[in-house]
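Below is one structure, written out as structure tokens; comments come after it.
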Amino acid sequence: MTVLQAIKPQPSSGASRSGRLFVLELSGDRIHSMNPDGSGRKTIVADCRLPDGIAVDAQAGHIYWTNMGIPNLNDGSIERAGLDDKNRKVIVPQGVTHTLLSADAYSLLSRPNP
């Protein structure tokens with residue numbers, strides 16, 4: 001489970017906390033928002049495909065997340081939705097992301113420069 005607290009920038013003071021936590025539920029393919037004490041739980045997004053990363057832009061009112069997919073199928077994706085659970089949009093569709101396997105990364109890094 002991943003927990004992230006959103007920050008809302010304030011013009012005069014730099015930043016203040018919005019008071020909401022954002023939680024990825026990998027086994028349930030959902031993203032939730034709740035108060036720090038666990039009350040006020042709300043499902044923001046359902047039917048994700050193995051969500052494994054999250055970023056919250058509180059000022060713009062958006063939440064972004066990655067769907068891990070299955071690495072050898074190259075079926076991960078990146079999506080966005082409003083913090084009000086509306087306007088879900090695919091930013092990077094399945095089949096466009098790529099997960100390097102450790103052997104691939106090693107071979108790329110060990111190649112001599114031409």
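The values are calculated or read from the model by the stated rules, or taken from the named source; none is laboratory data. These numbers were taken from a predicted model, which means no experiment stands behind them. FYI the Cβ positions are ideal-geometry reconstructions off the backbone, even for glycines, and counts take in every protein chain you see.
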(request) All but one of (1) surrounded by 11 or more Cβ atoms within 10 Å (Cβ to Cβ); (2) at pLDDT below 75 hold for residue 113, so report the exception by its number. (result) (1)
(message) Anything in segment 71-110 that is modelled with pLDDT under 75, loosely packed, with under 11 Cβ neighbours inside 10 Å and under 30 Å from residue 33 (Cα atoms)? List them, or say none.
(response) 98
(request) Write out, first by first residue and then by second, each pair whose Cβ atoms fall under 8 Å of each other, whose residues are 6+ apart or on separate chains, and whose first residue, in segment 54-65, is surrounded by 18 or more Cβ atoms within 10 Å (Cβ to Cβ) while the second is not in a strand (DSSP E or B). (result) 56/83; 58/83; 63/83; 65/48
(message) If a residue must be within 17 Å of residue 95 (Cα to Cα) and either assigned to a strand (DSSP E or B) or of a type in the set (Gly, Ala, Ser) (or both), how many such residues does segment 44-73 contain?
(response) 6
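Yes/no matrix, rows are residues, columns are (1) modelled with pLDDT of 90 or more; (2) crowded, with 16+ Cβ neighbours inside 10 Å; (3) out of contact with any Phe, Trp or Tyr (no Cβ under 8 Å at 6 or more places or on another chain):
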position: 2; (1), (2), (3): no, no, yes
position: 8; (1), (2), (3): no, no, yes
position: 26; (1), (2), (3): no, no, yes
position: 31; (1), (2), (3): yes, yes, no
position: 38; (1), (2), (3): yes, no, yes
position: 43; (1), (2), (3): yes, no, yes
